[in-house]
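The values are calculated or read from the model by the stated rules, or taken from the named source; none is laboratory data. Quick caveat, the model's predicted, so the values are computed rather than measured. Virtual Cβ from ideal backbone geometry, glycine too; neighbours counted across all protein chains shown.
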């Protein structure tokens, strides 16, 4: 397998993994919002209603998933995905037993950006 084919395969595998995580979280938050709303910092929850905050964020996650799957501007979509995962970890230190997985997703998103960086 050529080096280009390896990079393309690795890129697709990362995209599928990231999109799956984002889509699962988004759709599950529609069916079980009480499970997901607790991951938002309290200061964010006071700005708008919990349902509006969670539904808006879920729509954002779905849009980001489709952006990743479109393979357009993967450097930027990877950076946004990485920042999202970093925010989840940073704003939920008391839930590290769950959010530690987001560190791996953070690095996968950075890897996607690195694979698609163009000077």
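Assorted remarks:
- The numbered conditions (1) surrounded by 13 or more Cβ atoms within 10 Å (Cβ to Cβ); (2) under 20 Å from residue 27 (Cα atoms) are all true for residue 108 except (2).
- Picking from residues in segment 1-15 that are touching a residue at least 12 places away in the same chain (Cβ under 8 Å) and loosely packed, with under 15 Cβ neighbours inside 10 Å, the one that is farthest from residue 62 (Cα to Cα) is 7.
- Single residue of 94, 29 found to be modelled with pLDDT of 95 or more and part of a helix (DSSP H, G or I): 29
- Screening 62, 47, 88 for residues that are surrounded by fewer than 13 Cβ atoms within 10 Å (Cβ to Cβ), touching a helix residue (DSSP H, G or I) at 6+ places or on another chain (Cβ under 8 Å) and under 25 Å from residue 31 (Cβ atoms) leaves exactly one candidate, 47.
- Filtered residues of segment 101-119 (kept if free of Cβ contacts under 8 Å to residues at least 40 places away in the same chain and under 14 Å from the mean Cα position of the chain (by Cα)): 101, 102, 103, 104, 106, 107, 110, 113
- Being over 22 Å from residue 8 (Cβ atoms), touching a helix residue (DSSP H, G or I) at 6+ places or on another chain (Cβ under 8 Å) and touching a residue at least 12 places away in the same chain (Cβ under 8 Å) is a property that holds for residue 57.
- Residue count for segment 40-54 under the criterion of being touching a residue at least 12 places away in the same chain (Cβ under 8 Å), under 21 Å from residue 99 (Cα atoms) and in a helix (DSSP H, G or I): the result is 3.
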